[in-house]
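Below is one structure; the comments refer to it alone.
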Amino acid sequence: MAANMHQSCLRPTGYLGREDRYALPKRIIEQLRNDLQRIRTKDSFARNAFTIFGGNTAVLLSQLILTPTIARIYGPEMYGIYGLFAALMVNLASIADLGYSTAYVLPKDDRENQNLFRVNVLLLGTMAFIALLGGLMREHLYELLPDWRPLGDYILLLPLGVIGFGLINFITSSLTRHKAFRTSVIIGTTTTTSTRVVNLLFGLATKGRIWA
């Protein structure tokens with residue numbers, strides 16, 4: 001025992017034995033194995049979190065890759081018109097939401113959740129109707145807001161965009177309540193990515209002009 005103590009005292013500061021040197025890498029590898037096992041486990045928190053993370057990553061990558069290309073194809077003027085249309089659509093759909101969709105997971109009773117969903121759909125219909133009125137009375141609207149005039153007749157498509165964007169948001173939130181994370185992520189990711197792909201293909205087909 002005295003000899004062992006003497007040998008340990010003779011070891012230089014910071015000395016690690018062979019077992020000590022491999023202890024940390026082994027712990028890291030073991031932790032990674034446990035994390036992968038959790039991800040593979042059906043309906044586990046790790047798997048649901050990884051699914052949502054993967055969907056968000058796919059959306060972000062599509063934005064980073066496709067958005068600059070789309071902007072270059074359409075040019076500043078046309079892409080500005082597209083940006084105005086998208087901003088109006090998102091804002092009107094957000095007013096219809098009022099944050100209720102994020103509360104879908106709170107009620108324990110499904111009837112209360114259905115009431116929240118119906119309120120959202122009613123508000124969405126109201127916003128779409130307001131957008132339709134604005135489209136039908138677009139000349140008067142453009143006199144009040146001349147910067148919107150470049151939208152032209154495309155403002156008539158705004159109600160459809162508001163309804164589509166709002167319903168997708170409500171449906172994905174409802175799926176989250178029922179723990180259908182994979183379906184929710186697939187719908188959200190596919191919709192966002194396909195919209196950008198359609199914009200890209202339309203821009204290539206029309207050479208960046210949305211009207212003659």
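Please treat every number below as a calculation from the coordinates, not as lab data. This one's a predicted model, so the numbers in the text were calculated from it and none came from an experiment. A quick note on method: Cβ atoms are made from the backbone with ideal geometry, for glycine too, and the neighbour counts reach across all protein chains shown.
Some observations on this one:
- Förster-model FRET efficiency, 35 Å R0, Ala49 and Glu139, C-beta, rounded to 0.05: 0.10
- Karplus-derived 3J(HN,Hα) values for segment 105-114, using 6.51 cos²θ - 1.76 cosθ + 1.60 with θ = phi - 60°, are 7, 7, x, 7, 8, 5, 5, 5, 5, 5 Hz; glycine and proline are entered as x.
- Karplus 3J(HN,Hα) series, Hz, for segment 75-90 with 6.51 cos²θ - 1.76 cosθ + 1.60 (x for Gly, Pro): x, x, 5, 5, 5, x, 5, 4, x, 5, 4, 5, 5, 5, 4, 5
- Taking 1.567 mPa s as the viscosity and 4 °C as the temperature, the Stokes-Einstein diffusion coefficient of segment 135-212 based on its alpha-carbon Kirkwood radius rounds to 86 µm²/s.
- 25 Å tail of the calculated P(r), segment 50-190, as % of Cα pairs: 40
- HN-Hα J in Hz across segment 154-165 - Karplus 6.51, -1.76, 1.60, θ = phi - 60°, x for Gly and Pro: 5, 5, 5, 7, 4, x, 5, x, 5, 5, x, 5
- Remark: the Ser94-Leu167 segment gains 25.2 nm on full extension, using 0.36 nm per residue and subtracting the alpha carbon distance.
- Across segment 47-206, C-alpha contacts under 8 Å between residues 6 or more apart give a mean separation that, scaled by the residue count, equals a relative contact order of 37 percent.
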